[in-house]
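**Student:** Can you read through this structure? Questions will come right after.
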Amino acid sequence: MEKLQSLEQFEQLKNEERTIFMFTADWCPDCTVIEPILPRIEVDYPEYTFISVDRDEFIDLCSEMNIFGIPSFVAFHSGEEVGRFVSKARKSQAEIEEFINGLAD
């Protein structure tokens, strides 16, 4: 999964056709648990660009977007937020896939 490098890149990516941002941190045990399943999810949903956002590097962005629990996922279609899966609980592959399947076209 590509890692977000700048706020400018965030703005560019959220305006693309379909992007899902995963907010994470290297100290987060629940984030580490789901890491091995993410490549498979990326393969299964090629219509999306998946971007990892380090919560500690982009704390102001997380605050602005009301991301207080990680791992969390926020989806954008052409600049519009279309869904979020935000909580402090560990997420399973099935829950992540259910979230993606439920996104509006």
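**Student:** Please identify the cysteines of the chain that lack any partner cysteine with a Cβ under 4.7 Å from their own Cβ.
**Tutor:** Among the cysteines of the chain, those whose Cβ sits 4.7 Å or more from every other are Cys62.
**Student:** Using the Karplus equation 6.51 cos²θ - 1.76 cosθ + 1.60 (θ = phi - 60°), what ³J(HN,Hα) coupling, rounded to whole Hz, does each residue of the stretch 38-51 give in order, writing x for Gly and Pro?
**Tutor:** Computed from phi, the couplings for the stretch 38-51 are 5, x, 5, 5, 4, 5, 6, 10, x, 6, 10, 9, 9, 10 Hz.
**Student:** Starting from the Cα of Val33, move 7 Å in the Cα-to-Cβ direction to define the label point; list residues of the stretch 87-102 whose amide nitrogen is under 18 Å from there.
**Tutor:** 87-99
**Student:** For Gly83, list long-range residues whose amide hydrogen, built 1.01 Å from N in the peptide plane, is under 5 Å from its own amide hydrogen.
**Tutor:** Distant-sequence amide H within range of Gly83: Ala75.
**Student:** Further question: Restricting attention to the alpha-carbon atoms of the chain, what are Rg (one decimal) and Dmax (integer), both in Å?
**Tutor:** Rg, Dmax (Cα atoms, Å): 12.4, 34.
**Student:** Out of the DSSP beta bridges found with both residues in the stretch 2-100, what percent are antiparallel (nearest 5)?
**Tutor:** 55 percent
**Student:** Starting at the first residue of the stretch 17-33, write each ³J(HN,Hα) from the Karplus equation 6.51 cos²θ - 1.76 cosθ + 1.60 with θ = phi - 60°, in whole Hz, x for Gly and Pro.
**Tutor:** Residue by residue, the stretch 17-33 yields 4, 8, 9, 10, 9, 10, 8, 8, 7, 5, 8, 8, x, 5, 5, 5, 5 Hz.
**Student:** Using the Karplus curve 6.51 cos²θ - 1.76 cosθ + 1.60 with θ = phi - 60°, what ³J(HN,Hα) values do you get for each residue of the stretch 75-87, in whole Hz, with x for Gly and Pro?
**Tutor:** Per-residue couplings from phi come out as 10, 10, 10, 6, x, 10, 5, 10, x, 8, 10, 10, 6 Hz.
Each value in this text was obtained by applying a stated rule to the coordinates, not by laboratory testing. Note that the structure is a prediction, hence the values are computed from the model and not measured. Note that each Cβ is placed from the backbone with ideal geometry, even for glycine, and that neighbours are counted across all protein chains shown.
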